[in-house]
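The values are calculated or read from the model by the stated rules, or taken from the named source; none is laboratory data. Fair warning: this is a prediction, and the values are worked out from it, not measured in the lab. Cβ placement follows ideal geometry from the backbone for every residue including glycine, while neighbour counts extend to all protein chains displayed.
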Amino acid sequence: MTRLEEQKQAVSQALQDQDQRISAIETQIVTVATSQKNVEEQLQQVKDQVKEMIREELREFSAGELSLTAAASDLPDRHSGVVAKPYPYNEKTS
């Protein structure tokens, strides 16, 4: 084998090695991109779940407020019968 053939063979082997490295890197990139997409989808699902939980809590809170408001109109005002009395020590009203 001549020196030129050895060099051609070495260059050919180096190119094959580079091609394999490039293929491995491409595979890693696809894997990372797929993982990122999965994580983003999971994150969106969590965001949606949290939003729905907050909406549900707000609905329950609003319903509770409505029932409290409705019930409050049936109850007497606890302050309506209160008359300020003077403090015994300085005649100021409470």
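For the reader, a short list of remarks on this structure follows.
- Some residue of the stretch 72-82 being at pLDDT below 95 and surrounded by 10 or more Cβ atoms within 10 Å (Cβ to Cβ): no
- Test: residue in the stretch 6-28 that is out of contact with any strand residue (DSSP E or B) (no Cβ under 7 Å at 6 or more places or on another chain), among the acidic types (Asp, Glu), assigned to a helix (DSSP H, G or I) and modelled with pLDDT under 95: yes
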